[in-house]
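Notes follow once the structure below has been shown.
The values are calculated or read from the model by the stated rules, or taken from the named source; none is laboratory data. Model, not experiment: these values are computed from the prediction. Because the Cβ atoms are built from the backbone with ideal geometry, glycine has one as well, and the counts that use them run over all protein chains shown.
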Amino acid sequence: MKRAILKLKSWAGESFSEVLVALLIVALASMLLAAMYSASGSVDAKVKQEDSEFYKEVSAVEAMDATAPSMTTDPTESIEIKDDSSGFNATISVNVYQTDDGTLKSYEKG
Amino acid sequence: MRRVGEKMRSRKGASMLFALLVFMLCILAGTAALTAAAANSGRYTHMEAEQQDYLSVASAARVVRDEILGSTFTANFMAVNEDKTPETSGDGTTSVYTGNKNLTGIFASIFEEYFTCLYRTHDWSSKNPDIDVMFNSRFSTTLGTPTDEFGNSSLTVAGVDGMGDVSLEILADKNYNIKATLYTGDADHKRNETVIEIKAEVKYTDEKSDVNYYYANGTDSAGNTIYGVGVRTTVVRNIAVTWTDTNATIKDGGAVS
C-alpha cells in the first residue's frame with residue numbers, strides 16, 4: 001500500500017507519457033482538420049459547378065435562347081392583365097422559355 | 001507555499017496543454033471552413049427564387065412595352081361651313097362635319113377617354129369658334145378638364161404557372177407620354193421595380209382655309225339661275241399619336257430588350 005502511494009506521488013516518467021498523449025492529440029486534430037477541409041472543398045466545388053450551371057440557365061432564359069441546352073419553349077401559353085376593381089381584363093398570348101425542370105421561366109409576346 | 005511555487009515553475013504538463021490548444025484551433029478552423037461552404041450551398045436555393053422573381057417582372061415589362069409600342073391614337077375632325085344658304089333661310093349658314101377617334105391596343109379602354117379629352121381641349125391655333133360646339137359634341141367625354149396624369153394603378157399581370165404575379169401601374173400624361181411601373185411584392189416594399197417611359201410622337205394637323213363658292217340665288221326674269229358668291233370655310237383638326245421604340249427607356253431593374 002505504501003508503495004502504491006509512493007508511485008502515485010512520484011512524477012517520474014510522466015513527461016514521456018505526456019508527450020506521447022500530446023502527440024496523439026495533435027495527430028488526431030490534424031486528421032480532423034484535413035477531413036474538414038477536404039469536405040468543405042468538395043462542397044465548395046459542387047456549389048461552384050451548380051452556380052456556373054445556374055447562371056448559364058439564367059442567361060439563357062433571360063435572353064430567351066431557344067437553342068440553349070436544357071431549354072424548352074411553349075408558344076401556347078397566355079398571360080392576363082387585369083384589375084378586379086374596374087373590371088379591366090386583357091389576355092395576351094406569349095411564348096414561354098423555361099429550363100427543363102421548370103424552375104426558371106421567361107416569356108415574350110407571342 | 002514552497003510546493004505551490006514549485007508547481008508554478010514546473011514545465012510538466014505543458015506539452016499536453018499545447019496539444020489541446022492545437023486540437024482546439026484545428027476544430028475551430030475546420031468548423032469555420034465547413035460553415036462557409038454550407039452557407040454557400042444554401043444561398044443557391046434562395047437565388048433561384050430571386051432570379052425567377054426578376055424574370056417575372058422583366059417578362060411582364062417586355063410585353064407591356066410591346067403592347068404600348070404597337071398602339072396608335074388617331075382622331076380626325078373636319079367641318080365645312082358655308083356662310084350663305086339662301087335655299088333655306090336666304091341668309092343663314094350651313095355646316096357639315098365628320099369626326100372619328102380610335103385608340104388601338106389592349107390599354108384602349110383605360111386611355112381612350114383621357115386622350116379624347118386631351119384632343120378636345122387642345123389649344124387649336126386655327127381658332128374657329130363657329131365649329132367649337134360641333135367639335136366638342138363630337139368628342140364629348142365624361143372628363144372635364146384633363147388631369148396632369150391619368151391611368152390605372154391597380155393592375156396585375158398574372159403570368160404563366162410557376163411565375164408570380166406582377167403589379168403594374170400605367171399612367172399617361174398630358175403629352176400622351178406613357179409610364180409603366182412594374183414590381184413584385186407590395187407597394188410599400190417593391191422588389192425588382194422596373195419603370196418604362198415611352199414618349200409619344202404627336203402630329204397635329206390644324207388647318208383653316210376659306211374659298212369662295214357659287215350658290216344658286218334665285219332666277220332672273222328670263223328664268224336663268226342667278227348665282228351668288230359665298231365663303232366656304234373648312235377646318236381640319238386631326239391628331240395622330242404613336243409610341244416609338246427609340247423613346248423607350250428602362251430606368252431601373254433589368255434589361256427589357
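Things worth noting here:
- Screening A:Gly87, A:Gly110, A:Gly13 for residues that are closer than 30 Å to B:Ile106 by Cβ and at pLDDT below 90 leaves exactly one candidate, A:Gly110.
- Restricting B:Phe135, B:Phe150 to residues that are more than 14 Å from chain A (Cβ to nearest Cβ), not in a loop (DSSP other than H, G, I, E, B) and not β-branched (Val, Ile, Thr) narrows the list to B:Phe135.
- Each residue in segment B:112-139 was checked for being in contact with a helix residue (DSSP H, G or I) (Cβ under 8 Å, 6 or more places away or on another chain) and either among the β-branched types (Val, Ile, Thr) or without any contact (Cβ under 8 Å) to a residue 60 or more places away in the chain (or both), and 2 of them qualify.
- Residue in segment B:162-169 that is among the hydroxyl-bearing types (Ser, Thr, Tyr) and more than 14 Å from chain A (Cβ to nearest Cβ) present: no
- Yes/no for B:Thr184 being β-branched (Val, Ile, Thr), within 17 Å of B:Val64 (Cβ to Cβ) and more than 13 Å from chain A (Cβ to nearest Cβ): yes
- Sole exception among (1) under 19 Å from B:Ala240 (Cβ atoms); (2) assigned to a strand (DSSP E or B); (3) of a type in the set (A, V, I, L, M, F, W, C) for B:Phe115, by number: (2)
- Scoring A:Ala63 on the criteria (1) at the interface with chain B (Cβ under 9 Å from one of its Cβ atoms); (2) closer than 30 Å to B:Phe111 by Cα leaves a single failure, condition (2).
- Any hit, segment B:219-227, residues being under 18 Å from B:Val241 (Cα atoms) and either part of a strand (DSSP E or B) or at pLDDT below 95 (or both): no
- Residue among A:Asp83, A:Asp44 that is closer than 30 Å to B:Gly30 by Cα, within 8 Å of chain B (Cβ to nearest Cβ) and not small (Gly, Ala, Ser): A:Asp44
- Total residues in segment B:180-191, condition within 13 Å of B:Leu155 (Cβ to Cβ) and in a strand (DSSP E or B): 4
- Test result for A:Ala29, surrounded by 11 or more Cβ atoms within 10 Å (Cβ to Cβ), among the small types (Gly, Ala, Ser) and in contact with a helix residue (DSSP H, G or I) (Cβ under 7 Å, 6 or more places away or on another chain): yes
- Within segment A:99-110, the set of residues being over 17 Å from B:Val157 (Cβ atoms), surrounded by 13 or more Cβ atoms within 10 Å (Cβ to Cβ) and more than 8 Å from chain B (Cβ to nearest Cβ) comprises A:Thr99 only.
- Considering segment A:64-110, the qualifying strands (runs of 3 or more DSSP E), each wholly inside and each with 1 or more residues that are closer than 19 Å to B:Leu168 by Cβ and acidic (Asp, Glu), run over A:71-83, A:105-109.
- Of the candidates A:Phe16, A:Phe88, the single residue that is surrounded by 14 or more Cβ atoms within 10 Å (Cβ to Cβ), over 30 Å from B:Thr35 (Cα atoms) and aromatic (Phe, Trp, Tyr) is A:Phe88.
- For segment B:31-81, filtered to residues that are closer than 30 Å to B:Lys101 by Cα and of a type in the set (Val, Ile, Thr), the residue that is nearest to the other protein chains (Cβ to nearest Cβ) is B:Val63.
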